[in-house]
1. So which residues in the stretch 37-65 are under 19 Å from the mean Cα position of the chain (by Cα) and among the aliphatic types (A, V, I, L, M)?
2. Tell me which of these Q97 doesn't satisfy, since it passes every other one: (1) within 21 Å of the chain's Cα centre (by Cα); (2) not in a strand (DSSP E or B).
3. Can you name the strands (runs of 3 or more DSSP E) wholly within the stretch 125-191 that have at least 1 residues being aliphatic (A, V, I, L, M)?
4. Give me the residue from the stretch 129-177 that is among the polar types (S, T, N, Q) and modelled with pLDDT of 85 or more and, out of that set, nearest to N56 (Cα to Cα).
5. Going by the structure shown, is C190 at pLDDT 80 or above and surrounded by 20 or more Cβ atoms within 10 Å (Cβ to Cβ)?
6. Search the stretch 71-107 for residues being of a type in the set (D, E, K, R) and either in contact (Cβ under 8 Å) with a residue 40 or more places away in the chain or over 18 Å from T132 (Cβ atoms) (or both), and hand back the single one that is surrounded by the most Cβ atoms within 10 Å (Cβ to Cβ).
Amino acid sequence: MIKLRFVTYYLAAAFDIAVITLAASTPPAFAQEPVFPPSKCVEAPASAVNVSSRRNGKSTNCNADARKAEAIEQARVNAAHALSSTCTAQISAQERQEICAARGLTPRPANAAGDMIGFLPIADNPDGDVDTAFPVSGTLCVVVRDLPKESTSQTLAASWGGLGDCLVYHFPFITSENRILFTARSRARCGVQCQ
């Protein structure tokens, strides 16, 4: 009987401590971050920033589809990275406001959390449609266009013994082929994150 009362008291005390700990670790409601809608990358007109960046990306993957995809992704990232500091230096807060207002949007707050989805390009750009966009700061972004007419493919020399580096399966045979260097090019232009 004494042991049972001791266990009951011990469990009750432990429960009280757990409730106190839980209450102390719950943040107050007013400390939560505000929720912002996702932003879009709105391409800046040439009047704001008349600079673009062309960069290439390369791949020698034995799989033709993977080779092309890797080179394109690398070209996009390289072009975006090369232009990011220019966008930051040349687009003012006033220009951010004007670029977003021209599309019926507002600039994304610098402290906003959340994703950037989609883009709004300048119509009739001679480089064609925008293929993707990347954020380069909390308020700015770049739009990227692939330049497929500037891509190249080059068959590399065979490695030792005259054999290629890529094995190709043609059931029931296996053949070797030389690697192909695929080079893709992309162009980035500055943009503003608007919502």
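The values are calculated or read from the model by the stated rules, or taken from the named source; none is laboratory data. Quantities reported herein were computed from a predicted structural model and do not represent experimental measurements. Here Cβ is always computed from backbone atoms with ideal geometry, including for glycine, and neighbour counts include all displayed protein chains.
1. V42, A44
2. Against the list (1) within 21 Å of the chain's Cα centre (by Cα); (2) not in a strand (DSSP E or B), Q97 comes up short only on (1).
3. 132-135, 140-146, 166-170, 173-177
4. Of the residues in the stretch 129-177, the ones among the polar types (S, T, N, Q) are 132, 137, 139, 151-155, 159, 175-176.
Among the residues that remain, those that are also modelled with pLDDT of 85 or more are: 132, 137, 139, 151-155.
Details: T132: 15, S137: 23, T139: 26, S151: 9, T152: 10, S153: 13, Q154: 14, T155: 18 Å.
So, considering only residues that are among the polar types (S, T, N, Q) and modelled with pLDDT of 85 or more, the one nearest to N56 (Cα to Cα) is S151.
5. Working: at pLDDT 80 or above: yes; surrounded by 20 or more Cβ atoms within 10 Å (Cβ to Cβ): yes.
In short, yes.
6. First, pick out the residues of the stretch 71-107 that are of a type in the set (D, E, K, R): 73, 76, 95-96, 98, 103.
Of the ones still in play, those that are also either in contact (Cβ under 8 Å) with a residue 40 or more places away in the chain or over 18 Å from T132 (Cβ atoms) (or both) are 76, 95-96, 98, 103.
Details: R76: 25, E95: 18, R96: 21, E98: 16, R103: 13.
So, considering only residues that are of a type in the set (D, E, K, R) and either in contact (Cβ under 8 Å) with a residue 40 or more places away in the chain or over 18 Å from T132 (Cβ atoms) (or both), the one surrounded by the most Cβ atoms within 10 Å (Cβ to Cβ) is R76.
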